[in-house]
Amino acid sequence: MDETVRWLTPEEQRAWRGFVRLHERLGGRLGRLLQAESHVSPADFAVLVQLTDTPEGRRRYQDLARALEWEKSRMSHHIARMAGRGLVVREECAEDARGAFVVITDAGRAAIEAAAPRHVEAVRELFLDHVTPAELRVLAEISERVVGKLDESGS
């Protein structure tokens, strides 16, 4: 390969590794808390959040997979497990025989409504209480810009 690698500078490496460490530790801690206190896995929570963010509580499989950045097989297996526990149901799409919807159930709503207050409390305790409002604004701007670029570039 004739390409020149743009190695990270010490400052870039410090920032990147710090970000990755923060993401891993915060995600791990929040996940363990959710599982222990609400009996909802981080993956369940992510699916339920996506479904409750829509007024009708349903999303097409492919749209949900895309929003969560999940592969088709992971999506199918996880939704099957959640359906087995009564948190969601699968509905066929009348307009598109190949398509299907994931729909939140009353049990799914109850699960996220029970988990959400403690989750928010933990987000505050573990993260928000340790950053200033100015830092929070900068983080939001950085996150939105990077996610926007990722969305522009597709998969």
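Details
- Separation of the Trp7 and Leu136 label points, Cα + 7 Å toward Cβ, nm: 4.0 nm
- Dmax and Rg, reported as Rg then Dmax, of the stretch 1-93 (C-alpha, Å): 18.1, 54
- Solvent-accessible area per residue, Å², over the stretch 1-114 with all protein chains present [probe radius 1.4 Å]: 72 Å²
- If you run the Gaussian network model on the chain, springs between alpha carbon atoms under 10 Å, then out of Ser76, Ser143, Ser38 the most flexible one is Ser143.
- On the beta carbon distance between His77 and Arg32, with R0 = 25 Å, the FRET formula returns roughly 0.70.
- Sequence-separation-based contact order of the chain, relative, with Cα cut under 8 Å and 6+ spacing, percent: 21 percent
- Structure-derived semi-axes √(5λ) of the Cα gyration tensor in Å: which label, when the choices are (1) 32, 23, 14; (2) 35, 18, 13; (3) 27, 25, 17: (1)
The values are calculated or read from the model by the stated rules, or taken from the named source; none is laboratory data. Note that the structure is predicted; figures quoted are calculated from it, not measured. So basically every Cβ, Gly included, is an ideal-geometry build from the backbone, and we count neighbours across all protein chains shown. Ligands, DNA and RNA are stripped out before the accessible areas are found, and what is left, the full protein with its side chains, is counted by its heavy atoms. Shrake-Rupley method; radii C 1.70, N 1.55, O 1.52, S 1.80 Å.
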